[in-house]
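Undergrad: For reference, the structure I am asking about is given below.
Any read-out appearing in this document is the output of simple, stated calculations on the displayed coordinates, not a laboratory observation. Since the structure is predicted, the reported quantities are computational estimates derived from the model, not experimental observations. Don't worry about glycine lacking a Cβ; one is built from the backbone with ideal geometry, like all the others, and counts go over all protein chains shown.
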């Protein structure tokens, strides 16, 4: 006579344990799970290592297009050298810290690799001809994200207005009240502004 009073949970646990112990054609399920777990850790570690290696200033300026143009300009700004000794690097301003947004940025960067191969800005002349277009793309992204990367270091709530000049206090207060974001006023803070002669400033900057 069969026993119908077997605990379903106990039965399930026995089935799972039996599956873990019982070999399949060649390997037990437990071995497969362990190998899969270890492989996953190795893959994840390798993926994150690659992410971090491509998230350094050295990597960013490893091509001459960046090193000879925007990086040379950056070295002349307060974000590179200042009295506090706190220096921003390329990833600090151009790569999100949040993992999901960081991965999205890396995927988007594959387009930049394509243009590296095509030689789109491989000379100073080509770079200057594209400077406005490139700047607008960055401004547009920063506007859309509420200057997210700027806020890694700068925040309205953390500002001590008593330490700022009257002009800065006025502009920051008005900007906060108007719902403006950093890039609305600070387009040339780290790199030279494009030649916007003949351009409508409102169209170039104000309506990003």
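Undergrad: Is segment 27-113 best put as rounded, prolate or oblate by its Cα gyration tensor, with a ≥ b ≥ c the root eigenvalues, rounded for a/c under 1.5, and otherwise prolate when a/b is larger than b/c, oblate when not?
TA: Verdict is prolate for segment 27-113.
Undergrad: For n ≥ 4 DSSP H runs only, could you compute -39500 (n - 2.57) per run for the chain, divide by its residues and tell me the 222 nm figure to the nearest 500?
TA: Details: 8 runs with 105 residues, N = 208.
Rounded to the nearest 500, it is -16000 deg cm²/dmol.
Undergrad: Pick from 132, 53, 114: which is most flexible by mean-square fluctuation in a GNM of the chain where alpha carbon atoms under 10 Å apart are linked?
TA: Maximum fluctuation in the GNM of the chain, among the listed residues, is at 114.
Undergrad: If you don't mind, another one. Find the centroid of the Cα atoms in segment 126-183 and in segment 65-88, then give the distance between the two in whole Å.
TA: 17
Undergrad: If N is the number of residues in segment 31-206, what value comes out of its Cα radius of gyration divided by 2.2 N^0.38 Å?
TA: Values: Rg = 19.4 Å, N = 176, 2.2 N^0.38 = 15.7 Å.
Ratio of Rg to 2.2 N^0.38 Å for segment 31-206: 1.24.
Undergrad: Let me ask something else. To the nearest 10 degrees, how steep is helix 29-53 against the longest Cα principal axis of the chain, on a 0 to 90 scale?
TA: Rounded to the nearest ten degrees, it is 10.
Undergrad: Angle, helix 8-21 long axis vs. longest principal axis of the chain, Cα atoms, 0 to 90°, nearest 10?
TA: 80
Undergrad: Still on this structure, I have one more. For segment 100-150, count all C-alpha to C-alpha pairs, find those more than 12 Å apart, and express that count as a whole percent of the total. Mind showing how you got there, number by number?
TA: Details: 914 of 1275 pairs.
For segment 100-150, the share of Cα pairs beyond 12 Å comes to 72 percent.
Undergrad: Relative to the longest principal Cα axis of the chain, at what angle does helix 166-177 sit, 0 to 90 degrees, rounded to 10?
TA: 50
Undergrad: Between 193, 134, 33, find the one with the highest GNM mean-square fluctuation for the chain; connect C-alpha pairs within less than 10 Å.
TA: Its mean-square fluctuation being the largest, the pick is 33.
Undergrad: Taking the highest mean first, how do the peptides 82-92, 180-190, 158-168, 56-66 order by number of other beta carbon atoms within 10 angstrom per residue? Working shown, then result.
TA: Values: 82-92: 12.9, 180-190: 17.0, 158-168: 9.7, 56-66: 15.1.
Highest mean packing first, the order is 180-190, 56-66, 82-92, 158-168.
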